[in-house]
Amino acid sequence: MQIISLEINKNKENEMDFNYDKKTIIVTFIIFILMLFGVIKLFQLFEISRGFWKYFSLFFLLFIIFALILSYLLLPKRVILDDRLIIDRVLSKIYIDYKNIKEVNILDSNDVINKSTKVFGNSGLFGYYGKFRSDKFGKYFLYAKRISGKYVLIKTNNNSYIIAPSKPEIFIEKLKEKCKL
């Protein structure tokens, strides 16, 4: 029984959560309330409409519900340093082999958020994630639940990832140890 306990603790040492900041919580709350209000109004429109407007309201009602669910399902939960780097999301995981990592750096969130353009992703509802582009970093995948603080840049042979673990300095130490950088 004690061996299992040690194994669980060992795994927890190699996990780091993505944490929220106040701004992201406020933005998420406001967007969620506005979307909820939109759902209610579209449902009311659906009940009283006929013909084209009934289908129009149904389409947007389903679109808003789908956007809310998808935004939550793609939310990054934590990053795990196992036999490879794992970005754990609600719906799926992203795996990065250590042998493919060629560079790891710490970044200030202002260099990332203020100077990037979203290609496809989410900027505010439950966090910030998806494909982004900037002059400084090129195309990259962002996974963060907060907009402030330090981020970690991970460059691989094929892609660049910018993530926001709760303790970026400790995460970089552990990652460099695993990658032998």
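General remarks:
- Under 17 Å of direct C-alpha separation, and excluding same-chain neighbours fewer than eight residues apart, K54 reaches these lysines: K41.
- Computed helical MRE - 222 nm, the chain, DSSP H runs ≥ 4 contributing -39500 (n - 2.57), nearest 500: -14000 deg cm²/dmol
- Anchor K115: aspartates and glutamates whose Cα lies under 16 Å away (excluding residues fewer than 8 positions away in-chain): D135
- Backbone HN-Hα couplings from phi across the stretch 78-90 [Karplus 6.51/-1.76/1.60, Hz, Gly and Pro as x]: 7, 10, 10, 9, 10, 6, 7, 6, 10, 9, 8, 10, 4
- Cα extents of the chain along the three principal axes, largest first (Å): 64, 51, 29
- The charge dipole of the chain, taken about its Cα centre with unit charges on the Cβ of Lys, Arg, Asp and Glu (plus for the first two, minus for the last two), comes to roughly 420 debye.
- Using a cutoff of 8 angstrom between alpha carbon atoms and counting only pairs six or more residues apart, the relative contact order for the chain works out to 23 percent.
- Residue among V27, L42, G130 farthest towards the positive dipole end of the stretch 9-150, charges placed on Cβ: L42
- With θ taken as phi - 60° and the Karplus curve 6.51 cos²θ - 1.76 cosθ + 1.60 applied, the whole-hertz 3J(HN,Hα) list for the stretch 157-165 is 4, 10, 9, 10, 10, 10, 10, 10, x Hz, x standing for glycine and proline.
Read-outs throughout are calculated quantities, based only on the coordinates presented, and are distinct from any laboratory measurement. These numbers were taken from a predicted model, which means no experiment stands behind them. In this analysis, Cβ positions are derived from the backbone assuming ideal geometry, glycine residues included, and neighbour counts consider all displayed protein chains.
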